[in-house]
Structure formats: C-alpha cells, structure tokens
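K.L.:
I'd like to ask you about the structure that follows.
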Amino acid sequence: ASACCFAARAGPGQSDWQRCWEKMPELPRPHTDLWRGEGCTLQTMSLESEQATVRVVILPTDRTKLSDDFLAKIDKAKKCPPLDGGAAIFAHSEPVLVERNVIIEVENGSAQPFIFDGDWYQVGCWLRKPVERLPPGEVTRLEFTSNSSFYGTSGVCWYVSERTLDRYISMVFSNPTSGTSTFNAWAGPPPAELSHELDVAPALPLCGQGRQKGQHVKGPGCQWRCLESQANIRLRLRIVADLAPLDLSAYPPKGERPTAEVEVASGETALALRGPAGDVQEDASGVDIDGLLAQTRPRDALDGMTSGLKAAGAGILAGGAALVTMPLAGAKEDGVTGFFTGLVEGAVGAVGLTVGG
C-alpha cells in the first residue's frame, strides 16, 4: 500500500499540475509540526487506513490580520517541498509526433465575466497557457493540445463567475490518437464529479472538411455544436444569459447511495446495488454485466491492446495452475488412477484457459 500524499497552494499564477501530482509529498503524522506551502499552511489532523483529514489555512496578504500566536507558528513551520520548481510549464514535455488538439470557442452570453478556476488532464495540456477570463458578450478561444505521441488529449476545465463565485462553466473533452472524440459542457451548477463525466462523455459526430457541421446540442445552461472533428476537434459553446446559481444542498445528488451488504446462503457476502428509491435489488448475487463492460471497455486502440495482453497473461497463468493442481487433486482422491485422470483433465483445462485468456 502506498502512503497518503497531499499538497496545496494558493495565490496567483498557474502551475504544471501534472508534475505537481507526480511530486506530491507524503502527509506528516497527525498533530505534528505545521507545514507551510505557497500562500497557505497545512496540518494533518487524522490519518487512518481509508481516510485522512487535513486542515488548510489560506493566508491573507495582510499578515496583521493574523494573531501573534499563529504568526509565531507560521515562522516555525516547516516548508513544504517544491512541487514543480516554482515554474509554470505549459509546453510539450516530449516531442509529439501526432498532435491532437481541442479548440473550444466559448461565447459568453451571460451578463457577468467568468475567471479560470481549475483544470485536470489524463493527458495533454494547454496549447500556450490558461485563458484567465471569459468576458461577457464576447467569444473566447480555448486551445488544448497533446503532450504525448500515443494518447492524444483528454481532460476537464472549469471557470467560475467573477463577481458572485456561484456559477460555473464546466467542460470535459477528449481527442485520442485512435478512437472517438468526446465532449460535454455545463453552465450554472457544475456536475457532481467531472472526472466521471469525462469517462461517460458522448461521442462527437464526424464533421468538417466537406462534411456538414454537427447539430446543436443543448446542455444545462448552454448549447454547443461540433464544427470540426478530424485530427483536431473544434467546437462552439454558447452560454445562456440566465444561469442558475450553485446550490450546495444538492450535493451529493440524492440518487447516489452507498452499496449495501446482503448475506447469501453460502455464508459469503454479496454487494447489492440500491435503486433510486433506496430499495435493494432482488437478485443480490447477480452481476451487472453492462456496468462491468462499461468499466472495462478500452478507451482507444492502445488501451485495448494493453487490456488484451493482460487478459492473455491471466489465461496462461490460470492454464498453468490447472495443469499442476488437477493431477494432485486426482491422486489425493483415487490414487495412481486418479493422478492420470487428473493429468488429462488438467491438460484439457490448461489449453482451454490459455486460449480463452
């Protein structure tokens, strides 16, 4: 098991968050020394096997607003290790042979400006640097690009209303080197989990370069249309005038409930999924095949090849195990006759499991 890691920073400027993620330090022991990062302090309050609690204090620019006791603790605080050397990097981290770009033209039809609030990438980055502001009544161009020759571009990005800080523009997008491009957007309240929305985003139709432009797609507080979906994808996203504010009481959505444990006849424990009303499904031992396939479906050709090799390896291992264990089990039950019977059964099972894998 890996150690629990955490990092935080506050203040102007953006960082290479992919690099920050890779260099994230381990959490110190609970109730030990205070740690100081960029524009904030942090302290571990509890650290358990499945949960960690960290207190983060955003420091004001005016230190006179802090108590003398807290200022003394800050002066004695240990400095967090640098995450990215203090430099913001948005260029390619390696030479890219096949570029996959995502261009989103955002038309802000609302009366208030939106400011950049955050992003996260499975792979890829901004083409140059984050666009800091989406002015009202204007069209702003957002450009993302791949930083790897094999995986394309895939990530999420969101903005927040500058004056009220209670309305969001959220986007998820992917443009893989092999496979189908996807996109989705929300304006007003954000979705509960953007990373999940990235996994289930709808596919973009083929358009551009002689083909017709995609049809308008309506989303919460917005409307978007695919203009091009070839090696590069280009979309036009329009934000409506009246956006609903964020309602914190709506999170997490009421339909999302934890799984329940149900005792089965064999004495083992099975997981039963709850429906929207919280009722346990009758077939507690059943398997959600559609859900399983959705979770294991490869994202692109390279991902599919990797999954196939893993499955093949598992089949070969299972076949080898059958070849060894079946003769031993047969000898235990029926002696020499059982050993040779088990040897035949093990050979047949080994071939089947290896081919099936």
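K.L.:
Could you list, in sequence order, all residues of the range 52-75 that are surrounded by 10 or more Cβ atoms within 10 Å (Cβ to Cβ) and among the basic types (Lys, Arg)?
P.N.:
Matches in the range 52-75: Arg55, Arg63, Lys73.
K.L.:
Scan the range 218-226 and give yes if some residue there is over 19 Å from the mean Cα position of the chain (by Cα), under 21 Å from Leu127 (Cα atoms) and part of a strand (DSSP E or B), otherwise no.
P.N.:
yes
K.L.:
Can you name the strands (runs of 3 or more DSSP E) wholly within the range 106-190 that have at least 1 residues being touching a Phe, Trp or Tyr at 6+ places or on another chain (Cβ under 6 Å), at pLDDT 90 or above and of a type in the set (Ser, Thr, Tyr)? Even if it seems obvious, please write down each step before you answer.
P.N.:
Details: elements: 114-123, 139-145, 153-161, 168-175, 182-188.
Fully inside the range 106-190 and qualifying: 153-161, 168-175.
K.L.:
If you don't mind, there's one more thing I want to ask. Restricting attention to the range 23-76, which residues are hydrophobic (A, V, I, L, M, F, W, C), in a strand (DSSP E or B) and touching a Lys or Arg at 6+ places or on another chain (Cβ under 8 Å)? Steps first, answer last, please.
P.N.:
In the first step, residues of the range 23-76 are kept if they are hydrophobic (A, V, I, L, M, F, W, C); the result is 24, 27, 34-35, 40, 42, 45, 47, 52, 54, 56-59, 66, 70-72, 74.
Among the residues that remain, those that are also in a strand (DSSP E or B) are: 35, 40, 42, 45, 47, 52, 54, 56-58.
Scanning the range 23-76 gives Trp35, Cys40, Leu42, Met45, Leu47.
K.L.:
Further, regarding this structure: Considering (1) more than 24 Å from Met24 (Cα to Cα); (2) out of contact with any Gly (no Cβ under 9 Å at 6 or more places or on another chain); (3) modelled with pLDDT of 90 or more, say which one Leu66 fails and leave the rest.
P.N.:
So the condition that Leu66 fails would be (3).
K.L.:
Just need a number here: residues in the range 152-194 that are within 17 Å of Ala111 (Cα to Cα), surrounded by fewer than 24 Cβ atoms within 10 Å (Cβ to Cβ) and in contact with an Asp or Glu (Cβ under 7 Å, 6 or more places away or on another chain).
P.N.:
Residues that pass the stated criteria total 2.
K.L.:
Here is a list: Thr164, Thr145. Which entry is under 23 Å from Pro245 (Cα atoms) and β-branched (Val, Ile, Thr)? Step through it out loud before you land on a result.
P.N.:
Numbers: Thr145 fails: under 23 Å from Pro245 (Cα atoms).
Thr164 is the lone residue from the list that is under 23 Å from Pro245 (Cα atoms) and β-branched (Val, Ile, Thr).
K.L.:
May I ask you to list pairs of residues, at least six apart or on different chains, whose Cβ atoms are under 6 Å apart, with the first in the range 35-61 being basic (Lys, Arg) and the second being open to solvent by 40 Å² or more (accessible area, probe 1.4 Å)?
P.N.:
Matching pairs, first to second residue: Arg36/Lys79; Arg55/Gln43; Arg55/Met45.
K.L.:
Right, something else. Condition test on Val139, is it surrounded by fewer than 17 Cβ atoms within 10 Å (Cβ to Cβ), of a type outside the set (Gly, Ala, Ser) and over 15 Å from Trp186 (Cα atoms)?
P.N.:
yes
The values are calculated or read from the model by the stated rules, or taken from the named source; none is laboratory data. Keep in mind that this is a model prediction, so the values were computed, not measured. Reconstructed Cβ throughout: ideal geometry from the backbone, glycine too, with neighbour counts over all protein chains shown. Just the protein is used for accessible areas: all its heavy atoms, side chains included, with ligands, DNA and RNA removed. Shrake-Rupley method; radii C 1.70, N 1.55, O 1.52, S 1.80 Å.
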